[in-house]
Amino acid sequence: MTGIDREALAARIARDIPEGAYVNLGIGAPTLIANYLPDDLEIILHTENGMLGMGPKPEAGRIDPDLINAGKQPVTELPGAAYFHHADSFGMMRGGHLDVCVLGAFQVSERGDLANWHTGAPDAIPAVGGAMDLAIGAKDVYVMTDLVTRDGTAKIVAECTYPVTGVRCVSRIYTDLAVFDVTPDGLAVTDVFGDTTLDELRTITGLTLLDRTP
Amino acid sequence: MISKVSPGIQDAVAGIEDGSTVMIGGFGRAGQPVELIDALIEQGATGLTVVNNNAGNGDTGIAALIGAGRVRKVVCSFPRQVDSHVFDAKYRAGEIELELVPQGNLAERIRAAGSGIGAFYTPTGVGTLVAEGKETRTIDGREYLLEYPLRADYALVSAFKADRWGNLIYRKTARNFGPLMAAAAATTIVQVDEVVELGALDPEAVVTPGIFVNRVVAVGERPWLHDGEFVGTEKVA
C-alpha cells in the first residue's frame with residue numbers, strides 16, 4: 001500500500017481551494033499548502049492574530065517583528081492586506097465568514113468530531129490557542145493528516161478517545177492514503193492515492209466506508 | 001489642558017497594587033509592552049493575575065515577570081510554546097495557577113468587559129473540556145456556552161503612536177489584543193514609539209480612541225524602524 005507524501009498532499013489540497021476563498025491554514029503541515037496555491041488565483045489567507053492578505057516569509061534581513069503569523073513566524077503583507085484586532089479576527093471565524101480552514105489532527109471521528117489540542121496526558125500543560133474557534137468557525141473545516149500514527153493506529157476513528165476540539169465540525173479529511181468526506185450517511189472515500197484500496201482503508205479504520213471514488 | 005502623557009516609565013506604572021489583575025497586550029512578542037513590563041518588575045507589585053494570549057516567551061517581558069515570582073495566576077489561551085520554559089517550570093512546580101481560555105473566547109470576554117456586556121453565548125468549546133460546568137443553551141438549533149466578561153484593574157498595551165489625549169494607532173499584527181484590553185481595564189497604560197502633536201493623527205485612522213486610555217509613555221522607536229520607515233531586522237525577537 002503506497003500513498004503520497006506531505007508535499008504532494010499539500011498540493012492536492014491546494015487544488016481544491018477556489019479563487020476568492022478566505023482561507024486559514026493551521027499551524028504545522030497545513031502551512032505547506034500556501035506554497036501550492038496558484039499565483040494566478042486570488043486566494044486570501046487569514047491569520048488569526050489579526051490579518052487578511054498574508055504573504056510569504058520575508059527575505060533575509062527584512063523581518064518585521066510586528067508582522068507575524070499565528071505560529072509566530074515572520075510573514076509579509078500582500079497588496080490588499082488588512083489588519084484588525086483579535087475580537088474581529090475571531091468574529092470572522094465564529095460569524096461564518098471564513099470559507100476554508102485546514103487543521104492538523106490527533107483523531108477525527110466518522111461523524112466529524114475533531115481532536116487536535118490535547119493528548120489528555122496528566123503531565124501535559126494544556127494549550128488550545130485558536131483551535132476550538134477554527135474548528136467550529138469556518139464554513140468548511142478540512143483536516144490534513146497521515147491516516148495512521150507512527151505506532152500504527154488509525155487517526156480516523158468511530159469515537160475520539162482524546163479530548164475533542166469541536167463536535168461534528170470536520171467536513172473533509174485529507175490523508176496520505178485517501179480523501180474522506182463526512183456525509184450524513186457516514187464517511188465516504190472520494191479519492192485514493194497510490195495503490196491503496198477501499199478494503200485496505202476499511203481494515204485500517206475498522207469503519208464502514210462509502211465508495212464515492214470517481 | 002488634557003495630558004495623559006507620563007514623564008517617565010516609572011510614573012506610568014505607579015500605583016499598580018499587589019494582587020491586581022493586569023492585562024498585557026501582545027501575541028507572542030508582537031505588541032508585547034516589554035518596557036512597561038520591565039518597569040512593573042522594578043515597581044515591585046506582586047501576586048498579580050496576568051491576562052495575555054500566552055504565558056511568556058524566552059526570558060524577557062512576561063517571562064521575566066513570571067520568573068521574578070510576581071505572577072500568581074495566568075489567564076491565557078496558549079501557554080505551552082517552544083520558548084515558554086519560565087512558565088513551564090513554575091507550572092510544573094505548582095507555583096502558578098493557569099486558567100485556559102480558547103483564544104476567541106478570551107478576546108470576546110475582554111471585549112464584553114469593555115463594552116458593558118453582562119455575558120454572551122458562544123459556540124466555541126461546546127462539547128469540549130472547556131465547557132465543563134458552564135451553562136449551555138440551544139438557540140436556533142445550535143448549542144452555545146455562556147461566557148462571562150473578563151475585566152482588569154490595569155492594562156499594559158504597546159501601540160505605535162499616541163497623542164496627548166491617548167488616541168492610538170498600532171502597527172500591523174502588533175495590534176492584536178491592544179484595542180480590546182484598553183477598553184476592559186479600569187486604568188489603561190500605553191507605551192508608544194512616539195507621542196505626536198494633538199491633531200497629527202488622522203482621525204479616520206485612530207484605532208483606539210483616547211477615552212479608553214489613561215496614561216501614555218513614549219519609549220523610543222522600535223529597532224526595525226528608522227525615522228518611521230521600516231528597515232527590517234534579522235530575527236523576530
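The values are calculated or read from the model by the stated rules, or taken from the named source; none is laboratory data. Just so we're clear, the structure is a prediction, and the values are computed from it rather than from any experiment. Here the Cβ is made from the backbone with ideal geometry for all residues, glycine too, and neighbour counts use every protein chain on show. Remember, those area values only see protein heavy atoms, side chains included, never the ligands or the DNA or RNA. Shrake-Rupley method; radii C 1.70, N 1.55, O 1.52, S 1.80 Å.
What the table below lists for this structure:
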| item | result |
| --- | --- |
| Only listed residue being farther than 17 Å from A:Phe106 by Cβ, β-branched (Val, Ile, Thr) and open to solvent by 10 Å² or more (accessible area, probe 1.4 Å), chosen from A:Thr203, A:Thr149, A:Thr161 | A:Thr203 |
| Answer from A:Val179, A:Val141, A:Val170 - the residue that is within 14 Å of chain B (Cβ to nearest Cβ), part of a strand (DSSP E or B) and modelled with pLDDT of 95 or more | A:Val141 |
| Residue selected from the stretch A:73-110 under the condition touching a residue at least 24 places away in the same chain (Cβ under 8 Å) and among the hydroxyl-bearing types (Ser, Thr, Tyr), by the criterion nearest to the other protein chains (Cβ to nearest Cβ) | A:Tyr83 |
| The stretch B:96-113: number of residues that are under 22 Å from A:His118 (Cβ atoms), more than 8 Å from chain A (Cβ to nearest Cβ) and either touching a helix residue (DSSP H, G or I) at 6+ places or on another chain (Cβ under 6 Å) or open to solvent by 70 Å² or more (accessible area, probe 1.4 Å) (or both) | 2 |
| Top-ranked residue in the stretch B:163-205 [being charged (D, E, K, R) and not in a loop (DSSP other than H, G, I, E, B); ranked as most open to solvent (accessible area, probe 1.4 Å)] | B:Glu194 |
| Selection count, the stretch A:117-137, where residues are in a loop (DSSP other than H, G, I, E, B), open to solvent by 10 Å² or more (accessible area, probe 1.4 Å) and either modelled with pLDDT of 95 or more or not polar (S, T, N, Q) (or both) | 8 |
| Within the stretch B:66-95, considering residues that are surrounded by fewer than 15 Cβ atoms within 10 Å (Cβ to Cβ) and within 13 Å of another protein chain (Cβ to nearest Cβ), the one farthest from B:Thr49 (Cα to Cα) | B:Val82 |
| Residues that are assigned to a strand (DSSP E or B) and at the interface with chain B (Cβ under 7 Å from one of its Cβ atoms), drawn from the stretch A:47-68 | A:Met51, A:Ile63, A:Ile68 |
| Residue match in the stretch B:206-226 (condition: within 15 Å of B:Val22 (Cα to Cα), open to solvent by less than 20 Å² (accessible area, probe 1.4 Å) and either modelled with pLDDT under 95 or assigned to a strand (DSSP E or B) (or both)) | no |
| Selection count where residues are aliphatic (A, V, I, L, M), in contact (Cβ under 8 Å) with a residue 24 or more places away in the chain and within 11 Å of chain A (Cβ to nearest Cβ), scope the stretch B:114-133 | 1 |
